[in-house]
1. With S111, S97, S76 as the choices, which residue is more than 30 Å from L200 (Cα to Cα), modelled with pLDDT of 90 or more and open to solvent by less than 20 Å² (accessible area, probe 1.4 Å)?
2. Can you name every one of the strands (runs of 3 or more DSSP E) wholly within the stretch 133-242 that holds 3 or more residues which are closer than 27 Å to S60 by Cβ, touching a residue at least 40 places away in the same chain (Cβ under 8 Å) and not aliphatic (A, V, I, L, M)?
3. Among the residues of the stretch 72-85, is any free of Cβ contacts under 8 Å to residues at least 12 places away in the same chain, on the phi < 0 side of the Ramachandran plot and not small (G, A, S)?
4. Checking the condition modelled with pLDDT under 85, surrounded by fewer than 21 Cβ atoms within 10 Å (Cβ to Cβ) and basic (K, R), which residue from R204, R167 passes?
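The values are calculated or read from the model by the stated rules, or taken from the named source; none is laboratory data. All figures in this text were calculated on a predicted structure; none of them were measured in a lab. Neighbour counts run over all protein chains shown; Cβ positions are idealised from the backbone, glycine included. Surface accessibility is based on the protein's heavy atoms, side chains included, excluding ligands, DNA and RNA. Shrake-Rupley method; radii C 1.70, N 1.55, O 1.52, S 1.80 Å.
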Amino acid sequence: MSISRSNILLAMLILLPFCSAIAGALDALSGPYTQSVYYDWNGETWLIVQAYADIAGEPSKNAPTPDSTVITHQASTFGWSYDDTRWSRRQPYTPNSRNHKITVSAVNTPSSVRIIDPLGFDNPQTESDLPDDLQYVLDVLWDFAMFYVSLPFPSPWGLILDEQEVRVQVIIDNDLKGGTFRYNAEPSLQGADWIWSIDLPVNRGWYLIDVHTLAEAGFNYYPSIHVDDIDIWLFADFEIYR
């Protein structure tokens, strides 16, 4: 199920208080939004998987002149909740997902932009310091999940940078106008952090950025059972002004 831009712009924006040091520069640009996956279990509608995503960043940046150096930070999270295993004829049906990825794309910008310093995060048990923008978007997602997610929510406090690039693969587009974060270990919580660098001359106006979270939901069964695609669109637009 795909969520259109018009539907997202009409949806409720969840904004909650955060520490002034972070909130002074960042905002919830889009989301959080959730998608639920159901399965027909012997006539019962079984909620097996819920996915949710949001994005934060700097909603506006000042460029005093066209020759100003301008960069802007953004971050996205992609979380998962699963119901418990059920059994049929001694066979376990364990809700699961696979092929997780976050794609980022500059779709329409008054000046050319380049994505730089992309970092991929996932949630093994080891903890690490997070960038402010990623910590902010995690806080927003946590507060949202407490009210709107029906299944158990994974703790966000273990999200760390995958420095070895084993579980997370970052692929930058050839034109530098976006990239893809692929999560090989299928963790229950992912994060991505990146910077947009705006080429000179820096023109005023709205810079339109699409963030797309994708995966397949189903069962960890032999063979695996694909029930539905997770398909959540987020819009990380920002404005350059003088």
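1. S97
2. Values: elements: 168-172, 178-183, 189-198, 205-219, 225-235, 238-241.
Fully inside the stretch 133-242 and qualifying: 178-183, 189-198, 205-219, 238-241.
3. Among the residues of the stretch 72-85, at least one is free of Cβ contacts under 8 Å to residues at least 12 places away in the same chain, on the phi < 0 side of the Ramachandran plot and not small (G, A, S), which makes the answer yes.
4. On the way: R204 fails: modelled with pLDDT under 85.
After applying the criteria, what remains is R167.
Here's the yes/no breakdown for (1) of a type in the set (S, T, Y); (2) open to solvent by less than 50 Å² (accessible area, probe 1.4 Å); (3) in contact (Cβ under 8 Å) with a residue 40 or more places away in the chain:
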site: L26; (1), (2), (3): no, yes, yes
site: Y33; (1), (2), (3): yes, yes, yes
site: V37; (1), (2), (3): no, yes, yes
site: W41; (1), (2), (3): no, yes, yes
site: T45; (1), (2), (3): yes, no, no
site: D54; (1), (2), (3): no, yes, yes
site: K61; (1), (2), (3): no, yes, yes
site: P64; (1), (2), (3): no, no, yes
